[in-house]
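**Q** Just dropping this structure here.
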Amino acid sequence: GSLLYKHSDYLQVVDTNMGYNKINHNVEPSISYEVSWDDSGTARGELRVSYANTSIAKVEECQQSTSPGGYEEWKVGCYWNYMRVFIPGESQVVSTTYVALPKGSLLSTLAKLDDPNYPFIGTGEKGTKEIGLFFVVPPAEQKALTFSYVLPSDVLSSTPTGSQYSLLVQKQAGTLGH
């Protein structure tokens, strides 16, 4: 499960179910990524990650806690996710979707619900930049997150015939991919 980042454009989305449940089979993730260049040659990446929770469980409010019951009860409900996005380390994050710390989360008992530290943006592994975000997707709902950033100049490399762009999208270890 090591990051394969080399000096080019790079993207990896890593999801961690933090819900004390087995809901992942009811979650349909999707990723859309576009790169554009302005007139000065600056490249900008636009990432959109969406999650649809197809669970049909009825819940009053999502609560992040262990629940009684057995495996069948654990397969439905709220999807609590800590998502990490890894991009080239020299990228400059321009904008991100703001998601308030979810009510009902264990962390909300320790922090303000509008904690300005979300999302986390910092140094990732192997020379990457990491964007981390904790959120919940209730049953029968969707959540879309968008991240915009300026890419480093080395995403374009010189070739004898001009320039070449390359992108490595690495799937999360142990998954079928998005």
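The values are calculated or read from the model by the stated rules, or taken from the named source; none is laboratory data. Fair warning: this is a prediction, and the values are worked out from it, not measured in the lab. Note: ideal-geometry Cβ built from the backbone for every residue, glycine included; neighbour counts use all protein chains shown. All accessible areas refer to the heavy atoms of the entire protein, side chains included, with ligands and DNA or RNA removed. Shrake-Rupley method; radii C 1.70, N 1.55, O 1.52, S 1.80 Å.
**Q** So in the stretch 1-38, with the set limited to residues that are touching a strand residue (DSSP E or B) at 6+ places or on another chain (Cβ under 6 Å) and hydroxyl-bearing (S, T, Y), which one is modelled with the lowest pLDDT?
**A** Per the stated criteria, the residue is Y5.
**Q** What are the pairs, 6+ residues apart or on separate chains, where a residue within the stretch 122-144 that is on the phi > 0 side of the Ramachandran plot has its Cβ under 9 Å from a residue that is buried (at least 20 other Cβ atoms within 10 Å of the Cβ)?
**A** From residues that are on the phi > 0 side of the Ramachandran plot, the pairs are K126/Y5; K126/F86; G127/Y5; G127/P88; A140/N53; A140/S55.
**Q** Given the conditions (1) in contact (Cβ under 8 Å) with a residue 24 or more places away in the chain; (2) out of contact with any Phe, Trp or Tyr (no Cβ under 8 Å at 6 or more places or on another chain), and given that D9 satisfies all but one, which numbered condition is not satisfied?
**A** (2)
**Q** Only one of I121, I131 is at pLDDT below 90 and part of a strand (DSSP E or B); which?
**A** Sole residue among the options that is at pLDDT below 90 and part of a strand (DSSP E or B): I121.
**Q** Condition first: under 24 Å from G124 (Cα atoms), aliphatic (A, V, I, L, M), touching a helix residue (DSSP H, G or I) at 6+ places or on another chain (Cβ under 9 Å) and surrounded by 16 or more Cβ atoms within 10 Å (Cβ to Cβ). Can you find one or more residues in the stretch 7-15 that meet it?
**A** No, because not a single residue in the stretch 7-15 is under 24 Å from G124 (Cα atoms), aliphatic (A, V, I, L, M), touching a helix residue (DSSP H, G or I) at 6+ places or on another chain (Cβ under 9 Å) and surrounded by 16 or more Cβ atoms within 10 Å (Cβ to Cβ).
**Q** Pull up the stretch 153-172, narrow it to residues that are part of a loop (DSSP other than H, G, I, E, B) and open to solvent by 100 Å² or more (accessible area, probe 1.4 Å), then point me to the one that is nearest to P29 (Cα to Cα).
**A** Among them, the one singled out is K171.
**Q** While we're here: For the stretch 31-67, name all the residues that are open to solvent by 100 Å² or more (accessible area, probe 1.4 Å), of a type in the set (S, T, N, Q) and closer than 18 Å to A140 by Cβ.
**A** Q63
**Q** Okay, next question. Looking at the stretch 16-30, which of the residues that are of a type in the set (S, T, N, Q) and in a helix (DSSP H, G or I) is surrounded by the fewest Cβ atoms within 10 Å (Cβ to Cβ)?
**A** This residue is N24.
**Q** Given the condition within 16 Å of the chain's Cα centre (by Cα) and touching a residue at least 40 places away in the same chain (Cβ under 8 Å), answer yes or no: does some residue in the stretch 58-78 qualify?
**A** Scanning the stretch 58-78 turns up no residue that is within 16 Å of the chain's Cα centre (by Cα) and touching a residue at least 40 places away in the same chain (Cβ under 8 Å).
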